[in-house]
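Below is one structure, written out as structure tokens; comments come after it.
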There are 2 protein chains.
Amino acid sequence: MQTSLVLTIILSLLLGAFAQKPHHCKSPPYLQGKLAVDFPEGKTMVYEQFSYDALEQRIRVVAAGKEGEHDVFMDRLLLFREKVYYDIIYHNKTCVKNYLDAAFVPIAIPSDAKHRAQVVLGSLSAPAEGLLVNNWVGSDAEIKANYSLTFTEFGCIPVVTVYHIDGMGHFLSSFFDMVVGIDDPAVFIPPAFCFSKNLVESKGGKATNHFTALL
Amino acid sequence: MQTSLVLTIILSLLLGAFAQKPHHCKSPPYLQGKLAVDFPEGKTMVYEQFSYDALEQRIRVVAAGKEGEHDVFMDRLLLFREKVYYDIIYHNKTCVKNYLDAAFVPIAIPSDAKHRAQVVLGSLSAPAEGLLVNNWVGSDAEIKANYSLTFTEFGCIPVVTVYHIDGMGHFLSSFFDMVVGIDDPAVFIPPAFCFSKNLVESKGGKATNHFTALL
């Protein structure tokens, strides 16, 4: 009787300790949402709407914004397994197919990131008034960047990411209106005109990696 | 019978419409929390801990940060009704009393601010994973600033404020760990040494307004 009591207490303490420590989490495999990206020196601001499928390694991103005085627009479908991405232009039904030179990196806190702080956005004084988030920092040797990632404690949903890239500056991404799931799976299928004679295969195109895809 | 049904429907539609539209809200009268203030061009970053009492018009703010290479520290008690503020230095028990030339402005969305967007930080796909917030924009003629204010939909708790002041740049304040209430009401009472011989009355001191107090 006493042994089982002691065991129960030890077990609950252990479980409590594990539960308390924020863990390096991975976002749900299906996500859709929006993000506002603030490019270095505030010269460019881009709004993106994206759909993300970590199981089949596909991302669709539609971006609109301003680069100085110019309007920029992009509708891109990245198929990491097939190592291609399509730039889709609906108004004249053309499609540019490019080689995708990148491994799929799921939306997650990297295993070598350091936990910096757990904070509440808003307040936990009443229901629906606050959001518990974790901030993680680290560096990515491949893209030569230091990063700060803020994800929700529950659900591992990205809220704010900041990448400071050597010689380029800060890229601040604010995520919002995130939904777990995909409301239209067709977003991951290239439109019919991507397989017709209008397809332009770009051979000299810039290789895109996962990082620049969502930036 | 029919008339009352029609009236009920009209009334519920009207109430629904009123409930849907985000309103210019005012924060709770007692608040405490933290904020990170990013000053123009990222040269200065200050962390503040503040207690706010809108009923008796008192604010206590403790700020620590870096201005270029210098460490900055400030412990200030603002008593708007008495039109004074104290700069409190505990380590040598001195206190500088200054004239406070500002009306108390409660933490609120100004009545002439325009509603820009309602968004979810994180996700509403599961409980505790998201936070519904409203973004308001406007301009303040007195301090010659355009502002963007993001407050929670429920509770009217500040989350992020950005002030763009002519000729100065962006002041970005991120609020976190907000609590409705005051855990120690003594923070609003000047320490005893503020009434002793160590008190320095500053007559030529800069006038502080509400805006610069929390920035």
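General observations
- Percent of C-alpha pairs per 10 Å bin, region B:82-137, short to long: 18, 22, 20, 21, 19, 1
- Length-normalised contact order for region B:37-176 - Cα pairs under 8 Å, 6+ apart - percent: 15 percent
- Counting charges near residue A:120 (Lys, Arg +1; Asp, Glu -1) among other residues having Cβ under 13 Å from its Cβ returns a value of -2.
- For B:91, A:164, the sequence from fewest to most other C-beta atoms within 10 Å is B:91, A:164.
- Sorting A:78, B:172 from the fewest to the most surrounding beta carbons within 10 angstrom yields B:172, A:78.
- Geometric extent, Cα atoms of region B:44-163 - Rg, Dmax (angstrom): 17.6, 53
- Here the chain B residue lying nearest the rotation axis onto A, judged by its C-beta and given with the distance in whole angstrom, is B:131, 2.
- D (Stokes-Einstein, µm²/s), Kirkwood Cα radius, region B:97-178, 0.692 mPa s at 37 °C: 230 µm²/s
- Nm distances between copies for residue A:29, ranked from closest, using label points 7 Å along Cα→Cβ: 5.4
- For region A:34-193, lysine pairs separated by 8 or more sequence positions, or belonging to different chains, with Cα-Cα distances below 29 Å total 19.
- Inter-chain Cβ neighbour count for A:159-169, averaged per residue, equals 1 (cutoff 10 Å, partner chain atoms only).
- Taken residue by residue and averaged, Cβ atoms of other chains lying within 10 Å of the Cβ of A:172-180 number 5.
- With the label put 7 angstrom out from Cα along the Cα-to-Cβ vector, residue B:183 ends up 4.1 nm from the copy partners, going from closest to farthest.
- Inter-copy label distances at residue A:45, using a point 7 Å along Cα-to-Cβ, come to 2.2 nm with the shortest given first.
- With Cα atoms defining each centre, region B:85-147 and region B:172-188 are spaced 12 Å apart in the structure.
- Report note on the peptides B:63-73, A:27-37, A:181-191: ranked by the mean count of other C-beta atoms within 10 Å, highest first, their order is A:27-37, A:181-191, B:63-73.
Read the figures in this text as sums done on the coordinates, not as results from a lab. This is a predicted model, so every value here is computed, not measured. Neighbour counts are summed over all protein chains in view; Cβ atoms, including those assigned to glycine, are modelled from backbone coordinates with ideal geometry.
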